[in-house]
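Below is one structure, written out as structure tokens; comments come after it.
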């Protein structure tokens with residue numbers, strides 16, 4: 001895992017139009033949904049000023065992205081793909097096959113293109129079966145937290161992707177947070193594990209429990225957020241052993257120890273394991 005050394009700085013988005021004449025190659029997003037918006041916002045936050053083109057069937061999404069981040073719009077799929085130095089497929093898993101069929105039919109792919117799929121559960125072999133060389137495939141799974149430059153992105157590569165292509169992908173996502181390269185066989189487990197939904201879910205559950213016990217809504221949220229966020233930050237920055245920290249915080253006979261014991265007895269670990277299994281199964285179902 002590695003982090004960028006670039007300090008995040010806010011920049012004012014600049015609205016762009018398609019330049020005339022000779023055009024430089026661009027990073028092209030197929031799909032203008034939430035993860036595309038989060039990635040572009042994070043890139044602009046750190047001053048990334050290379051060309052970004054987004055193609056989406058929904059004009060409203062494109063207009064919103066242009067207002068927010070000053071990207072170029074591409075209503076025509078063929079023209080968008082033809083300008084791609086790196087093509088990022090950012091549509092839902094169930095829409096990947098249809099999107100790639102459209103790309104294939106467009107005839108826009110004539111030169112080598114580095115393509116990155118953000119679709120959970122769709123393996124590289126299936127992407128390659130839809131569009132093979134001169135398209136070379138990688139997969140990436142970025143967190144929506146990349147919007148503020150503190151995300152985490154897992155990446156994996158087809159064995160045919162050259163070294164410079166791998167470096168290009170890693171450097172691109174490293175601009176918006178840490179990058180972790182893992183085997184593709186671990187991607188579904190990673191996807192089910194690293195979602196920020198775990199944090200939001202735990203925060204909601206802990207705060208509601210505190211409210212039910214008699215604490216006001218705002219103090220409950222503050223206490224729950226402190227318990228979750230600050231403890232993780234301390235662990236990451238201190239380098240301390242996680243088991244040692246847990247034992248230190250939940251000393252025998254104390255309030256924390258009694259709380260943790262009751263949570264464990266209620267089946268907390270089993271519930272988390274069951275949830276991860278369900279997430280992995282969903283990702284694998286998406287790949288069918």
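What follows draws every value from the coordinates through simple rules; no lab data is involved. Treat the numbers as computed from the prediction; the structure is a model and nothing was measured.
Assorted remarks:
- Folded to 0 to 90 degrees: helix 197-212 orientation relative to the chain principal axis, Cα: 30
- Beta bridges per DSSP with both ends in the chain, % antiparallel, nearest 5: 20
- Taking the chain as a Gaussian network of alpha-carbon nodes connected by springs under 10 Å, the highest mean-square fluctuation of the residues 141, 260, 99 belongs to 260.
- The radius of gyration of the Cα set in region 122-236, together with its Dmax, comes out at 18.9, 62 angstrom.
- Cα-based shape type of region 26-194, given that a ≥ b ≥ c are square roots of the gyration tensor eigenvalues and the cut on a/c is 1.5: rounded
- Crossing angle, helix 59-69 versus the chain [Cα axis fit, 0-90 degrees, rounded to tens]: 70
- Percent of Cα pairs exceeding the 14 Å cut-off, where the set is region 74-117: 47
- Normalising by residue count, region 197-286 has a Cα convex hull of 133 Å³ per residue.
- 0 to 90° range, to nearest 10: angle between helix 96-106 axis and the chain longest Cα axis: 10
- Mean residue ellipticity, 222 nm, helices only, the chain: the sum of -39500 (n - 2.57) across DSSP H runs of n ≥ 4, divided by residue count and rounded to 500, is -14500 deg cm²/dmol.
- A prolate overall shape is assigned to the chain, the ratio a/c of its alpha-carbon gyration tensor axes (a ≥ b ≥ c) being 1.5 or greater and a/b exceeding b/c.
- Max mean-square fluctuation residue, GNM over the chain, Cα-Cα springs under 10 Å, options 48, 136, 268: 268
- Summary value for region 197-286: 14 percent relative contact order, contacts being C-alpha pairs under 8 angstrom separated by 6+ residues.
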